[in-house]
1. Could you check how many residues of the range 23-37 are in a loop (DSSP other than H, G, I, E, B) and either touching a Ser or Thr at 6+ places or on another chain (Cβ under 8 Å) or in the same structural domain as residue 152 (by TED's automatic domain parsing) (or both)?
2. For residues that are crowded, with 16+ Cβ neighbours inside 10 Å and either over 29 Å from residue 17 (Cβ atoms) or modelled with pLDDT under 95 (or both), tally how many sit in the range 199-217.
3. Kindly list the number of the only condition in (1) of a type outside the set (Phe, Trp, Tyr); (2) within 30 Å of residue 159 (Cβ to Cβ); (3) free of Cβ contacts under 8 Å to residues at least 60 places away in the same chain that fails for residue 69.
4. Sort out which residues of the range 157-198 are more than 21 Å from the chain's Cα centre (by Cα), hydrophobic (A, V, I, L, M, F, W, C) and surrounded by 15 or more Cβ atoms within 10 Å (Cβ to Cβ), and write them in order of number.
5. Looking at the range 40-67 only, could you name the residues that are modelled with pLDDT of 95 or more and of a type in the set (Asp, Glu)?
Amino acid sequence: MFLYPYDVIRLKQRLQISSQQFMEQYTHLVKGVSHSYFPSVMLRLAADETKACPFLKEEGCGVYADRPSSCRTYPLERAVDRSPEKGASTDFYFMTDHAYCLGHHEKKTFTVKKWIRDQRLDDYNLMDDLWAEVDTVFSGNPWAGEGSGGPKQQIAFTACYDIDNFRLMVAKHSLLDRFRLSRDQKRRIKESDVELLKFAFEWLKYFLGAPSSLIAS
């Protein structure tokens, strides 16, 4: 199961551990799926033959309220068409067909819109779309010349997946003071991991020379 930056924030908050602790204990890195210029993060499953989710308890999911977007979306899979010539992006959903999913045998039915609302996917979809914009920048190999794991890529990984250490970086380098941000924006970024992640995404685009909503002060 792939994890996105917002998934990590929700899960580390649920478990009441740091983002670094979560990444070290519950994830492993693999070669990027959509491109090879930035690693993908996967959930680390049980090492035995069950390959079970680490959050699976006898009574069910132990992190249900903060489960990752792929768990919420299942048995659907989401794709987004971002073709520039079409203007706004368009969502597409596909139904999976796995024998182990007993939900297929339930009598209750959902439309896609009702399923999204029922699973509270709106926030996840929004944050995953923002992440996709950053990953699109990564797909252009902005670290050419320094190679995989170089300084810029390490900074980018911290901004995306280690929000607690990125917060320290923001404070150390006074990043919020370098851009035209209102007092309310700064307050929300300082208080909320989610708002900080949104800032991280825009700052990364600025840092890597891509179009960004941030304006230098």
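1. Matching residues across the range 23-37 total 6.
2. Result for the range 199-217: 5.
3. Just one mismatch for residue 69, condition (3).
4. Listed by number, the residues that qualify are 175, 176, 179, 181.
5. 66
This table checks each residue for (1) more than 29 Å from residue 23 (Cβ to Cβ); (2) in contact with a helix residue (DSSP H, G or I) (Cβ under 6 Å, 6 or more places away or on another chain); (3) part of a loop (DSSP other than H, G, I, E, B); (4) not hydrophobic (A, V, I, L, M, F, W, C).
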| residue | (1), (2), (3), (4) |
| --- | --- |
| 52 | no, no, yes, no |
| 71 | no, no, no, no |
| 80 | no, no, no, no |
| 92 | yes, no, no, no |
| 117 | yes, no, no, yes |
| 125 | no, no, no, yes |
| 133 | no, no, no, yes |
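The values are calculated or read from the model by the stated rules, or taken from the named source; none is laboratory data. Worth saying up front: this structure is predicted, and the values here are computed from it rather than measured. Quick reminder, even Gly has a Cβ in these numbers, built from the backbone with ideal geometry, and neighbours come from all protein chains shown.
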